[in-house]
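The values are calculated or read from the model by the stated rules, or taken from the named source; none is laboratory data. Given the structure is predicted, the values throughout are model-derived calculations rather than measurements. Note that each Cβ is placed from the backbone with ideal geometry, even for glycine, and that neighbours are counted across all protein chains shown.
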Amino acid sequence: MIETNIDIVKKGLGKRYRAEKRFRIYGVCAIAASLIFLAFLFISIGTNGYTAFQQTFIRLSIYFDPEILGDTTHRESLASANFPAIVKQSLLKMFPEVQSRGEKKQLTSLISSGASYYIRDMFVEDPNLIGNTVQVWIPADDDVDMLIKGHTERGVEEAERRLNNKQLGWIEKLERDGNIEKRFNTIFFTAGDSREPELAGIWGAASGSFFTMIVTLLLSFPIGVAAAIYLEEFAKKNRWTDIIEVNINNLAAVPSIVFGLLGLAVFLNFFGMPRSAPLVGGLVMTLMTLPVIIIASRAALKSVPPSIREAALGVGASQMQMVFHHVLPLALPGMLTGAIIGMARALGETAPLLMIGMVAFIVDVPSGFTDPATALPVQIFLWADSPERGFLEKTSAAIMVLLTFLIAMNALAVILRKKFEKRW
Amino acid sequence: MKGKKIFAGLGVAAALTFGAITFNSNAIADSARDYISVVGSSTVYPFATVVAEQFGKTAGFKTPKIESTGTGGGMKLFCSGVGVQHPDIANASRRMKKSECEMCDKNGVKDILEVKIGYDGIVLGASKKSSAMNITRKELFLALAANVPEASGAESLVPNPYKTWKDINPALPANKIEVLGPPPTSGTRDAFVELVMEKGGAEFGWIKALEKSDKKEDKDKFKSICHTIREDGAYIEAGENDNLIVQKLDANPKAFGIFGFSFLDQNGDKIQGTPVEGVVPTFEAIADGKYSVSRPLYFYVKKAHVDVIPGMKEFLKEFASEKAWGEDGYLSEKGLIPMPDDERKSFTKDVQTLKNLSCGDL
């Protein structure tokens, strides 16, 4: 029998189908594996961190005793007024059996050391409280918080616990009377950093990141787009532009710590800008994101079909009119996508910030571009390195906040692309 | 047309930002800094930050900014000059080196105040699930050095042959040697090498003779014997993050971890401290010097800045107050081991009189 072409094809057909099937299975496996990793990441962060959005509070009836507070008419004397004594007094009233000095100290350690500032701020807002008794929910100490949330065991021996048997007894009494409960943790979203887990918040780091990103966006986007347009549409192709192109591609792959060192040498040492300022952080991030934006913008310009350019030039448009009236509007969605992805990378960066002093403990929330500030990923790093158990959940919660920002930015990039994208 | 407008807008934005930056940085160079800037050791960081926070909330000044740069990096920044762009205080988990003091001097930082704040114990921790194992510094040296003296007693080195603790001392369990510890960049590692490995090595007469020898090459040899940690997997570099070590110990009861006392203090329900030379690392044992593996912590103040930066004197006073570094102070709650009474008094006096540190004393 003579073997015809169709026979050869038929013989190999089964093998080819099998190969295709195998390839599809590999693909599904690859996607499944990455989804499992992603799910694992989200679940472990989520289960560790969701408890941080709640905080244990203890209800106290605070009596603003005029005798203890003394003169409260002036701002200066208010700062030194004895608010800690007021908190202590109301606690002791709840547990009249506590007498000795040591026991009193153990009792007051159930309440956050920030409680007196809390009460002070309340009083500053409403000075008429003097002489009155108010029911206030006060944040509990982080050891109590961890116990209530079940992150520390109640069953282990007394010596190994942060809270002793007496303190446990008091907490159980508070629980029976309904004077202790978990509430939504507003402190976490409104406060700056603190060394007390119950007083630490993400807002300081978030505003630091915000100021840094504003500087980065305002500088890197215009410069990046201008550079891309010139290189793509106006510059002649010669050795110089080749060298520039190679350099830009190289810069995009440079490790970020190098930009930090550059920032230290140029912005801090040469120009004498302040350490730890979002302004300098933004400048360093600009250097880092510029190559990314230039490359993305050039790709976007390249994807605009030559027919558009030729048609514009054909009806008498100048080179510049052709670019700004016809090519740029079509390329802009792609450029924006590149910019947002570059910004998202900058948002998650810590290494360059280390060199310019933004890896720091900063309590006051920054209010401008030159105030000392830190950034979200730095805050995560600092909390992860803190010994207190309470910071464990705070770390995961901060990661969730950062991820939310990143997802929002990437989603924005996708939406912009979908909305303005034109297909030919 | 739209594209042109967008582009013009972006151009204006870039120009404005550039303008703002040049204007801003000029303005900053002229005006003084109104907050204290602290740099230095990551070991002192958890204590300095507590004081800073307390100070910011009560004293009516801005909260000091504290950077965790490591002791060496902090010294470099601190010694780079006098002026508001340079930090005011450097934290250190060891004493300032003579070379650092000379560098300070060369850059015009001539008057420095040295303050010891307390002690930090270095702990060999293990999971609560394991039974405690009493260990000596000599055994630790034999377990972790890259090259150890021959078991026969000859004065020569062999690559570390010990696989289990039992190989070193028959009284110890037959568990694989597994120690999680900090990388060489860490101050905790420096202190561990100095307090455990050097002392452990010096238990061998001929190694001790090298240390005491006047010849530089002998001293170098001593250092290379005691400072080189084995790299065959028995010592696992676990990064600078002590929390990670604590979690890994909890998962692997046979492993040990090296970290600061404050982590043991905070995780007493999961981790136990291994007794070294028969002494369990407790607050009391470190405070009265019975536990041998502890180190002093310091900070250094640039005296030229004391009257320039607002709040410097008050901050020093807060740090050197009984309610901060005293026996029952809030720093002891964070795991700092207070100095004995007379030592505290002497340093409080140094702070009040702003005593000068001379490089010759180091």
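If a residue counts only when it is free of Cβ contacts under 8 Å to residues at least 12 places away in the same chain, which helices (runs of 4 or more DSSP H) contained entirely in region A:347-424 have at least 2 such residues?
The qualifying helices (runs of 4 or more DSSP H) are A:390-420.
Looking only at strands (runs of 3 or more DSSP E) that fall completely inside region B:82-160, which ones have 1 or more residues that are acidic (Asp, Glu) and in contact with a Gly (Cβ under 8 Å, 6 or more places away or on another chain)?
It comes to B:112-127.
Residues are listed down the side, and each one gets a yes or a no for (1) of a type in the set (D, E, K, R); (2) assigned by TED's automatic domain parsing to the domain that holds residue A:322; (3) in contact with a Ser or Thr (Cβ under 9 Å, 6 or more places away or on another chain); (4) under 18 Å from residue A:331 (Cα atoms):
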site	(1), (2), (3), (4)
A:227	no, yes, yes, yes
A:233	yes, yes, no, yes
A:240	no, yes, no, no
A:251	no, yes, no, no
A:261	no, yes, no, no
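Counting only residues that are buried (at least 24 other Cβ atoms within 10 Å of the Cβ) and either under 19 Å from residue B:107 (Cβ atoms) or without any contact (Cβ under 8 Å) to a residue 24 or more places away in the chain (or both), how many does region B:68-80 have?
So the answer is 6.
Out of all the residues in region A:152-161, is one or more within 14 Å of chain B (Cβ to nearest Cβ) and crowded, with 16+ Cβ neighbours inside 10 Å?
Yes; the residues of region A:152-161 include at least one that is within 14 Å of chain B (Cβ to nearest Cβ) and crowded, with 16+ Cβ neighbours inside 10 Å.
Of everything in region B:294-327, what is closer than 20 Å to residue B:46 by Cα, outside any strand (DSSP E or B) and either aromatic (Phe, Trp, Tyr) or in contact with a Pro (Cβ under 9 Å, 6 or more places away or on another chain) (or both)? Give them in sequence order.
Passing the criteria: B:315, B:319, B:325, B:326, B:327.
What's the number of the only condition in (1) closer than 30 Å to residue B:204 by Cβ; (2) touching a Ser or Thr at 6+ places or on another chain (Cβ under 6 Å) that residue B:142 fails to meet?
Failed condition: (2).
Just one of B:172, B:180, B:210 is at pLDDT below 90 and closer than 30 Å to residue B:263 by Cα; which is it?
One residue alone meets the criteria, B:172.
Against the conditions (1) more than 13 Å from chain B (Cβ to nearest Cβ); (2) more than 19 Å from the chain's Cα centre (by Cα), where does residue A:218 fall short? Just the number, please.
(1)
So in region A:90-111, with the set limited to residues that are polar (S, T, N, Q) and either surrounded by fewer than 13 Cβ atoms within 10 Å (Cβ to Cβ) or over 18 Å from residue A:173 (Cα atoms) (or both), which one is farthest from the other protein chains (Cβ to nearest Cβ)?
Checking each candidate, the answer is A:99.
Kindly indicate the residue of region A:194-215 that is over 13 Å from the mean Cα position of the chain (by Cα) and not in a helix (DSSP H, G or I) and also farthest from the other protein chains (Cβ to nearest Cβ) among those meeting that condition.
For region A:194-215, the residue satisfying everything is A:200.
Taking strands (runs of 3 or more DSSP E) that fall entirely within region B:219-285, which contain at least 3 residues that are within 14 Å of another protein chain (Cβ to nearest Cβ)?
Filter on region B:219-285 gives B:256-260, B:271-273.
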